[in-house]
Amino acid sequence: DWPTPTQEGNGGTDGGSNGGLNGGMATETSFKVGDVTRRSAGVSLKAKVVRVCVQGRAGEEHEGGYGDVLIGDETGCILLLAAGAELGMLTPGSSVLLRNVSIEVLHQRMRLTIGRWGSMEPLEPGLTCELENDLSSRDVASDDS
């Protein structure tokens, strides 16, 4: 039931993830984890939380702390950088819908980030995760698309 990569314009009538920017058109690109590349932006995907690794404590910058979360679906897995309330929503075994997230490359490794216009919603558990295709464990070349 989840399209893989397609463009869906909703006319901005539902308060889309970009707040009605782009002339009132909100565009969402739906992906499977295995389809994400270093240039992916505005990505929405459904994923299962596999592991949560809290790295920082609560502070001014990240109230509630921050950490890396391994998430995935039947096509692969990738690290997600989460902070604050987002981190509190992510528990191993749970499932989430990520909207308008982007790829960040750090030390030639990809990971997802939830930016200013991104959001996360809980889903019913039941998604599966393919751990053999870990996109965050591979070096990405600068010319990779």
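Please treat every number below as a calculation from the coordinates, not as lab data. On a predicted model such as this, the values are computed, not experimentally measured, just so you know. Ideal geometry is used to build each Cβ from the backbone, glycine not excepted, and the neighbour counts take in all protein chains shown.
Below, the figures for the structure above:
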{"read-out": "Chain lengthening between T91 and A141 when straightened (0.36 nm per residue, less Cα-Cα)", "value": "14.8 nm"}
{"read-out": "Extension gain, E104 back to E124 (0.36 nm per residue minus Cα-Cα distance, nm)", "value": "4.5 nm"}
{"read-out": "By average C-beta atoms within 10 angstrom, highest first, the peptides 39-49, 85-95, 117-127", "value": "39-49, 85-95, 117-127"}
